1. Taking interchain pairs and intrachain pairs at least six residues apart, which have beta carbon atoms under 7 angstrom, with the first residue in segment 110-125 and closer than 17 Å to Val145 by Cα and free of Cβ contacts under 8 Å to residues at least 60 places away in the same chain and the second among the aromatic types (Phe, Trp, Tyr) and surrounded by 15 or more Cβ atoms within 10 Å (Cβ to Cβ)?
2. Output the residues belonging to segment 1-21 that are loosely packed, with under 11 Cβ neighbours inside 10 Å and without any contact (Cβ under 8 Å) to a residue 40 or more places away in the chain.
3. Just one of (1) within 24 Å of Gln165 (Cα to Cα); (2) of a type in the set (Gly, Ala, Ser); (3) crowded, with 19+ Cβ neighbours inside 10 Å trips up Ala34, so point out which.
4. Does segment 65-81 contain at least one residue that is of a type in the set (Lys, Arg), under 23 Å from Pro281 (Cβ atoms) and without any contact (Cβ under 8 Å) to a residue 40 or more places away in the chain?
5. Report those strands (runs of 3 or more DSSP E) wholly inside segment 1-55 carrying at least 1 residues which are more than 30 Å from Asp203 (Cβ to Cβ) and of a type in the set (Gly, Ala, Ser).
6. Surrounded by fewer than 18 Cβ atoms within 10 Å (Cβ to Cβ) and not acidic (Asp, Glu), is that true of Phe102?
7. Yes or no: Arg316 at pLDDT 90 or above, within 30 Å of Arg44 (Cα to Cα) and among the basic types (Lys, Arg)?
8. Of the residues that sit in segment 67-80 and are surrounded by 19 or more Cβ atoms within 10 Å (Cβ to Cβ) and of a type in the set (Val, Ile, Thr), which one is nearest to the chain's Cα centre (by Cα)?
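The values are calculated or read from the model by the stated rules, or taken from the named source; none is laboratory data. Predicted model only: the values in this text are computed from it and were never measured. Virtual Cβ from ideal backbone geometry, glycine too; neighbours counted across all protein chains shown.
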Amino acid sequence: MASTNGYLLKVEDLKTYFPIKKGLLRRTAGFIKAVDGVSFGIKRGQTLGLVGESGCGKTTVARSIVRLTPATTGQVVFDHINVLSADKSESRELHRQISLIFQDPFSSLNPRMTVGNIIGEPLKVQRGVSGSELTERVAVLLSKVGLSPEHINRYPHEFSGGQRQRIGVARALVVEPKLVICDEPVSALDVSIQSQILNLLKDLQDEFGLTFLFIAHDLAVVEFFCDIAAVMYMGRIVERAEAQDLYRNPIHPYTRALMSAIPQVERGRRSAKGAFGGEVPSILNPPTGCPFHPRCPLAEGVCLKQAPALEEKSGREGHFVACWKC
């Protein structure tokens with residue numbers, strides 16, 4: 001039995017590499033390091049937010065945790081189960097205890113299935129519930145996510161985007177999981193609907209004692225919804241802290257630049273403070289040293305040669321930064 005030191009989910013030095021095949025014989029010429037040494041922990045009832053630009057590896061981390069994408073090395077421990085080496089019985093238990101909410105509320109629902117079947121299928125397959133008990137439990141859950149039990153026989157095309165995401169939330173919660181992985185669950189929705197879904201998730205977390213791994217590209221959403229925030233860049237976590245602390249006092253140049261991109265209502269425009277230029281380096285040919293140094297205004301010699309470790313900042317308990325100059 002693996003130790004989690006009080007964490008429901010513990011990820012240590014997770015690496016997920018994809019081979020680059022070249023030539024007629026398709027020999028491996030290198031690797032795409034989509035996730036390159038990510039570590040974090042989530043305690044029961046907490047929400048940890050993974051945030052960063054598109055392509056930074058957030059979703060690959062989530063897919064590796066649930067083994068949809070095979071990890072190369074590292075350790076993932078969920079409730080004392082070694083996820084990456086779990087046997088069949090442990091894998092079945094993991095499927096019951098970990099659920100996912102997907103980004104796109106349109107493509108994630110089978111258009112040929114009724115709402116009742118979409119929500120009830122995991123309960124039927126994983127818990128063996130059927131008949132009137134299945135219908136009753138689906139109806140109760142529909143009420144909890146803000147929909148009517150009368151919707152049970154309708155099809156996804158009859159609902160708006162926000163309503164479809166509520167159906168996705170109900171499907172994720174029907175098996176009573178301990179951990180819910182939310183892969184940008186509000187990014188495809190209108191801003192007014194985003195707040196409704198986030199408040200719904202908060203209410204359900206309080207009611208059911210849920211733990212969330214929340215993936216987003218918007219630091220403002222993470223600051224509102226999450227307890228802990230971890231900022232990713234090119235497969236690595238470059239800053240991790242309590243969400244409120246990170247939002248108010250960002251340290252890493254990349255985090256500060258992300259903050260500067262958030263529209264400020266009182267100013268009516270975005271701030272240029274901490275902004276950076278240039279494109280994200282190619283993941284096929286990443287820079288040496290700190291991966292952020294080609295875009296960083298603070299970069300000096302050591303930044304080009306050696307990647308900094310994620311270390312706790314002096315005087316900032318619980319605030320970790322990977323930067324030579326911060």
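1. If the second residue must be among the aromatic types (Phe, Trp, Tyr) and surrounded by 15 or more Cβ atoms within 10 Å (Cβ to Cβ), the pairs left are Thr114/Tyr155.
2. Asn5, Gly6
3. (1)
4. no
5. Once the strands (runs of 3 or more DSSP E) in segment 1-55 are filtered for at least 1 residues that are more than 30 Å from Asp203 (Cβ to Cβ) and of a type in the set (Gly, Ala, Ser), what remains is 27-43.
6. No; evaluated as a whole, the condition is false for this residue.
7. Criteria not met by Arg316.
8. Val76
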